[in-house]
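Below is one structure, written out as structure tokens, with a few remarks after it.
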Amino acid sequence: MSCMIEVRDVSKTFQDKDRTVQALNHINIRIEEGDIYGIIGMSGAGKSTLVRCLNFLEVPTEGSVIVDGQELGALSDRELRQIRGSIGMIFQSFNLLMQKTVLDNILFPLKIQGRGKAESLERARDLLKTVGLADKEKAYPSQLSGGQRQRVAIARAIASDPKILLCDEATSALDPQTTNSILQLLKKINQEMGITIVIITHQMSVVREICHNVAIVEHGSIVEDGSVEEIFTHPKSRAARELVFEGSETSETFAGRHAADRTMEELREKRRIRIVFTSNSSFEPVIGNMVLKFGTPVNILKADTKDVDGVARGEMILGLPDERELQEKMIDYLNARGLAVEEVN
Ligand SMILES: Nc1ncnc2c1ncn2[C@@H]1O[C@H](COP(=O)(O)OP(=O)(O)O)[C@@H](O)[C@H]1O
Ligand SMILES: [Mg+2]
């Protein structure tokens with residue numbers, strides 16, 4: 001695998017009238033060719049500044065950005081324009097030309113590239129098919145739903161055959177169902193066209209659904225990065241933990257049965273552990289067998305399953321029996337069966 005985007009020690013400060021804002025603080029990331037890479041963080045963390053540094057819409061105060069082997073800071077204006085042509089971008093606000101039809105919106109970047117009329121028209125229609133809007137070429141953006149507008153924006157962004165597509169909160173204005181359909185479309189584009197995709201979002205559900213790797217940004221710094229699977233399974237930073245637990249739906253099968261009548265008092269005083277498993281099937285028997293083996297019940301305080309990058313993942317919080325020795329034996333038992341056990345406080 002080759003590196004498509006490398007951010008080396010990038011910092012960015014903004015000088016306002018009366019103060020200096022350090023938006024990015026010594027950022028390092030590597031994004032491999034063909035990856036779907038997430039950059040997640042709260043509002044104001046510096047995500048948009050970071051993504052704008054990737055195509056030098058924002059020039060870093062320090063550090064370097066290397067795209068497809070070229071250091072952006074060393075390029076002439078003409079070379080920079082050229083490489084920007086290989087980086088598509090979509091936004092929360094779609095940024096379509098409202099006075100132009102859907103077809104003309106997509107033809108626009110092709111015209112700029114100087115492609116022939118017939119060729120452009122054929123390509124634009126192909127792209128409309130790809131994004132599922134073949135019947136909308138004559139419509140104006142105002143006649144489309146949010147999801148459809150974002151599809152047009154995606155078609156326009158990939159019209160010039162970019163190697164990279166940057167998505168800055170591209171689904172943040174959409175309802176969950178539409179969000180999902182747009183994410184599926186991005187997945188398809190990644191797989192079928194080999195475009196490297198960078199997803200900027202404040203929602204872990206988006207990262208979980210589509211990204212392979214992720215960086216968590218907080219106050220202009222990366223607090224944690226790695227594979228989505230690894231971060232979901234073993235979140236190290238407080239920010240990662242918060243994001244992993246965000247919006248988790250408690251599964252009825254487990255929680256309805258076990259946790260409904262737990263009091264907060266009980267939750268506080270017991271020793272609790274968190275375990276993560278890769279599928280339900282490998283999991284339930286282990287707990288069941290453990291209870292049988294030790295002849296002492298455990299409390300399942302919380303159980304979630306989530307889809308991480310297409311794979312079912314689950315986590316459980318168990319309340320262990322009071323007896324210390326038994327607690328250690330149970331933890332050993334779970335460890336011996338390959339389950340990662342972590343204390344929860
Ligand atoms: N052009 C600018 N001038 C001054 N401050 C800015 C500018 N752009 C961003 N900032 C500041 O930098 C920080 C990060 O902003 P931004 O990158 O937009 O965060 P995010 O996209 O994660 O919400 C914020 O404190 C923001 O106010
Ligand atoms: Mg932003």
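The values are calculated or read from the model by the stated rules, or taken from the named source; none is laboratory data. All figures in this text were calculated on a predicted structure; none of them were measured in a lab. All Cβ positions, glycine included, derive from the backbone under ideal geometry; neighbour counts span all protein chains shown. Heavy atoms of the whole protein, side chains included, go into the accessibility calculation; ligands, DNA and RNA do not. Shrake-Rupley method; radii C 1.70, N 1.55, O 1.52, S 1.80 Å.
Worth pointing out:
- In the chain, the longest principal axis of the Cα atoms and the axis of helix 176-193 are about 70 degrees apart.
- Length gained when the stretch residue 227-residue 289 is fully extended (0.36 nm per residue, less Cα-Cα span): 19.2 nm
- Per-peptide average of other Cβ atoms within 10 Å, ordering 53-65, 16-28, 147-159 highest first: 147-159, 53-65, 16-28
- Contour minus Cα-Cα distance for residue 344 and residue 177 (0.36 nm per residue): 56.8 nm
- Across every pair of non-identical alpha carbons in the range 1-118, the mean reciprocal distance, once inverted, gives a Kirkwood radius of 16.3 Å.
- Helix-only [θ]222 nm of the chain, DSSP H runs n ≥ 4, -39500 (n - 2.57) each, per residue, nearest 500: -11000 deg cm²/dmol
- Projected area, mean over directions - the range 51-210, Cα convex hull, nm²: 10.0
- Selected from 99, 14, 65, residue furthest toward positive end of dipole (the chain; charges at beta carbon): 99
- Residue-wise HN-Hα couplings along the range 320-329, as the Karplus relation 6.51 cos²θ - 1.76 cosθ + 1.60 with θ = phi - 60° gives them from phi, are 7, x, 5, 5, 4, 4, 5, 4, 5, 4 Hz; Gly and Pro carry x.
- Sulfur and carbon atoms: percent of accessible area, the chain [1.4 Å]: 47
- Derived from the Cα gyration tensor, the three semi-axes of the equivalent ellipsoid of the chain are 45, 24, 17 Å, largest first.
- Fluctuation leader among 15, 92, 82 - the chain, Gaussian network, Cα springs under 10 angstrom: 15
- Residue 175 sits with roughly 80 Å² accessible to a 1.4 Å probe, with DNA, RNA and ligands left out of the calculation.
- Probe 1.4 Å, accessible area per residue of the chain, Å²: 49
- A cut-off of 5 Å between modelled amide H atoms, ignoring neighbours fewer than 5 places along the same chain, links residue 63 with 11.
- Ligands, DNA and RNA excluded, the heavy atoms of residue 236 present near 140 Å² of accessible surface to a 1.4 Å solvent probe.
- Accessible-area order (highest first, 1.4 angstrom probe) of the listed residues 196, 130: 130, 196
- For the options 328, 315, 137, a Gaussian network treatment of the chain with springs between C-alpha atoms closer than 10 Å singles out 328 as fluctuating the most.
- Label-to-label distance, residue 82 versus residue 238, with points set 7 angstrom from Cα along the beta-carbon direction: 4.8 nm.
- Just checking the listed ones, 209, 224, 122: in the Gaussian network model of the chain with Cα springs under 10 Å, the one fluctuating most is 122.
- The amide H of residue 115, built 1.01 Å from its N in the peptide plane, has no neighbour under 5 Å, considering only residues 5 or more places off or on other chains.
- For residue 119, the accessible area of its heavy atoms, probed at 1.4 Å with every protein chain present, is near 100 square angstrom.
- Note on the chain: with charges restricted to the Cβ of Lys and Arg (+1) and Asp and Glu (-1), its dipole about the Cα centre is near 1040 debye.
- Projecting the Cα atoms of 116, 286, 150 onto the dipole axis of the chain, where Lys and Arg carry +1 and Asp and Glu carry -1 at the beta carbon, places 116 farthest toward the positive end.
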